[in-house]
Amino acid sequence: MSQLQFQVELPRTKPTLALESCADFFDRDYDTLAVDVENQVIKFAWDIASRPPVPDDVVQARREIRVYAASAWAFVYNRPMPALTEDEVYKLILPNRDLRSTELKRILACSHQHIYELKENFTVTRPPAQADGPNSFTVFSRDSIVKFLRSRRLS
């Protein structure tokens, strides 16, 4: 009896994917995928943990690995990753303007709370106009987001 092979590709509504999601969807072990990221088998991955990794830290902070979606799909389908520079990837995943916290949440595939915890890493260009409601988002400088991603790049 043979196993059916399906070529399924989900819609790309998010430019990055959480490594946990890749492990579930690709039916691979999370730790194996993390090693693939560290060995640069999977290109363009970042650790967006709210606490940056410290080399000699006894209690390691939980890593929050995000992978550029096109790179993840190339990996799972065993296709070559398009030849892109780091700057080209940032142009593909980030609009060419400052970003609302709600947009950044979708782009980085994380929660609103996580963006709140990361806000000290970004330059605020517009604070929330109100405490809650449709204007309760913060606007962050695109350049500060790119600087953050560059500093947290794993592969």
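Readers should treat all values here as calculations from the given coordinates under stated rules, not as data from a laboratory. Nothing here was measured: the structure is a model prediction, and the numbers come from that model. Cβ placement follows ideal geometry from the backbone for every residue including glycine, while neighbour counts extend to all protein chains displayed.
Were the residues from A131 through Q113 laid out at 0.36 nm apart, the gain over their Cα-Cα distance would be 5.0 nm. Of all aspartates and glutamates in the structure, the ones whose alpha carbon falls short of 20 Å from that of K119, not counting any fewer than 8 places away in one chain, are D47, E64, D98, E103, D132, D143. Electrostatic bookkeeping for E120 treats Lys and Arg as +1 and Asp and Glu as -1; over the other residues with beta carbon under 14 Å from its beta carbon, the sum is +3.
For log10 I(q)/I(0) by the Debye sum over Cα atoms at q = 0.12, 0.16, 0.21 Å⁻¹, computed directly from the structure shown, the correct entry in (1) -0.56, -0.94, -1.44; (2) -0.47, -0.87, -1.59; (3) -0.43, -0.78, -1.36 is (1).
Once C-alpha pairs closer than 8 Å and six or more residues apart are averaged by separation and normalised to the residue number of the chain, the relative contact order reads 28 percent.
When ranked by the protection proxy of mean other Cβ atoms within 10 Å per residue, highest first, what sequence do the peptides 103-113, 22-32, 79-89 form?
Details: 103-113: 17.0, 22-32: 13.3, 79-89: 11.6.
Order by mean packing, descending: 103-113, 22-32, 79-89.
Other residues within the sphere of radius under 14 Å centred on the Cβ of D98, judged by their own Cβ, net out at +4 (K and R +1, D and E -1).
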